[in-house]
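As structure tokens, the structure follows; a few thoughts come after it.
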Amino acid sequence: MTEYKNELLKLNYLNFQVKKILKKNCALNIYHLKILKFINDNQKRRKYTALDFKEVLRINQTMLTHVISYLHDLNYYKKERLKQDERKIVIIVETRHKTKISQLINQIEIDFQHNLNEISTDLNTDYFVDYAIEINRVMSDIHFNINHQYKMNIDQFMILLFIEMSHNGCRTLEDIKDQFGWDLVKINKSIKVLVKLNYLDKERSKTDERIALVSIKKDKEKLIKLMIENVLKLQNVKDGEQNLAMVE
């Protein structure tokens, strides 16, 4: 079980780094990448509908509209209204668009290979864009499951997992920052929710009041341990014979 917990922490960190790389290098998010990769994988297709993209992304209509409009503004395809129903659009990918998308995907592949190999030297893959998208799928599935069952998001769950794995049941904010690569604003936002949900205690260190400590409440230790086990078991069932280490 410890192996799976460590693997999950690793995947969460890689997923966060993928998003940072996309934002910094390309001004894109993971949804944009999924759509562009989908188009690049279907070179013979020239036309798409919004429904095609919605099936790829599994997001609500408002978010889908933002994604489609953003990529259109960057000239990755054209948009036209359907003559038979002007409320609907058709997305047209011309040869010039396909060339531009292909070049971008190749550059992202290089960026991911360089950056992700620096983060983790044991990534067993030759296709880093596919690997990044699959990691995101795994983490999105976990987020959906814990949000549905426990009314928390993936960040909050990961903090609980990280604290639960500590030897003394306690972590500092710096420990959390080092593990996840988040800024303190993001960390404190999640911890505030977990304290409010009565999962965590937050207090100052007795030896150094500048250090904030967070620990799992004694009466919630069994509940959180069971929660973590359930999430890991459910993910293993969904991935069949494959475990969390096998997203490549």
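When region 199-248 is limited to residues that are modelled with pLDDT of 90 or more and among the small types (G, A, S), the one that is farthest from D126 (Cα to Cα) turns out to be A212. Looking at region 40-80 only, could you name the residues that are buried (at least 16 other Cβ atoms within 10 Å of the Cβ) and under 11 Å from V93 (Cα atoms)? Within region 40-80, N40, Y48, Y76, Y77 qualify.
Checking K37, K23, K83 one by one, the residue that is at pLDDT 95 or above and either over 29 Å from F144 (Cβ atoms) or buried (at least 16 other Cβ atoms within 10 Å of the Cβ) (or both) is K37 and no other. Within the set K186, K177, K151, the sole residue that is of a type outside the set (D, E), within 18 Å of the chain's Cα centre (by Cα), modelled with pLDDT under 95 and in the same structural domain as N230 (by TED's automatic domain parsing) turns out to be K151. In summary, L116 fulfils each of the numbered conditions (1) within 21 Å of K24 (Cα to Cα); (2) free of Cβ contacts under 8 Å to residues at least 60 places away in the same chain with the single exception of condition (2).
Residues of region 148-158 that are without any contact (Cβ under 8 Å) to a residue 60 or more places away in the chain and more than 23 Å from L184 (Cα to Cα): H148 alone.
Does region 43-56 contain at least one residue that is closer than 29 Å to W182 by Cα and either more than 21 Å from the chain's Cα centre (by Cα) or outside the structural domain of K177 (by TED's automatic domain parsing) (or both)?
yes
Taken over region 202-223, the criterion of being farther than 17 Å from M152 by Cβ and in a strand (DSSP E or B) is satisfied by E203, R204, A212, L213, S215.
The values are calculated or read from the model by the stated rules, or taken from the named source; none is laboratory data. Because the structure is a prediction, the values reported are computed rather than measured. As a convention, Cβ positions derive from the backbone with ideal geometry for all residues, glycine included, and neighbour counts pool all protein chains shown.
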